[in-house]
Amino acid sequence: MKAKRASPAGISDLRFLGPVSERILAKAGIEDVSELRKLGSAAAYLRAKRVDPRVSLNLLWALEAALSGKHWREVARDERTSLLLAVESLQGPAPKRRGSKAWQVYVIECASGAWYTGITNDLQKRFRQHREGKGAKFMRMDKPQRIVAVRACGSRSQALKLEAALKAWPRKEKADWIRENPYM
């Protein structure tokens, strides 16, 4: 195991961040470790993504790992959902195109008590499709009863990321999310 370094001189001196990450962050106006710490990993990632859209989520994992002292693989596994939600909350809603509907993540409770998670830009239409047995095979075997939670997202991409994160959560965490995002 590597010994911990004393206070790093530059961003590339942080564990898991190298010269390429340092250049990308510099283009985003983040030039020193104190500024990176002040912003936090999610805000720094968003700034980097704005100046270079090719930036992947690996930078987010590496930034959080560098700031928290955890290994980036541990961050990607254990902190994935909270980091994606932090990024989503900082992004805010995407501008709507004329005539388009907002993308949403929804959770439906089924007859067995199981929860089905999906995305749509027309919730009522999608629920009707589920009830008619169209779409998800899961819903043909376990009939949908009611929509229990919904959350608007800024884009289809954000909705897909949140959906994937929710599907990976244990039931207790999903229950908390459902309480925080009730369908009304």
Within the range 128-145, residues assigned to a helix (DSSP H, G or I) and free of Cβ contacts under 8 Å to residues at least 12 places away in the same chain come out as Arg128, Gln129, Arg140, Met141
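Let's see how each residue does on (1) within 13 Å of the chain's Cα centre (by Cα); (2) surrounded by 15 or more Cβ atoms within 10 Å (Cβ to Cβ); (3) not in a helix (DSSP H, G or I):
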position	(1), (2), (3)
Ala66	no, yes, no
Leu84	yes, yes, no
Ser89	yes, no, no
Ile108	no, yes, yes
Arg126	no, yes, no
Ile147	no, yes, yes
Leu162	yes, yes, no
Asp176	no, no, no
Condition check: within 29 Å of Ala43 (Cα to Cα), assigned by TED's automatic domain parsing to the domain that holds Lys49, among the hydroxyl-bearing types (Ser, Thr, Tyr) and in a helix (DSSP H, G or I). Does Ser157 satisfy that?
no
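Could we say that Leu60 is part of a helix (DSSP H, G or I) and modelled with pLDDT under 80 here?
no
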Does Val75 meet the test of being within 27 Å of Leu160 (Cα to Cα), outside the structural domain of Leu162 (by TED's automatic domain parsing) and in a loop (DSSP other than H, G, I, E, B)?
no
In the range 63-82, which residues are modelled with pLDDT under 90 and under 15 Å from Gly18 (Cβ atoms)?
Trp72
Note: among Lys137, Lys125, just one is modelled with pLDDT under 90, over 30 Å from Ile24 (Cα atoms), among the basic types (Lys, Arg) and outside the structural domain of Ala28 (by TED's automatic domain parsing), namely Lys137
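The values are calculated or read from the model by the stated rules, or taken from the named source; none is laboratory data. All values reported here derive from a predicted model rather than from experimental measurement. So basically every Cβ, Gly included, is an ideal-geometry build from the backbone, and we count neighbours across all protein chains shown.
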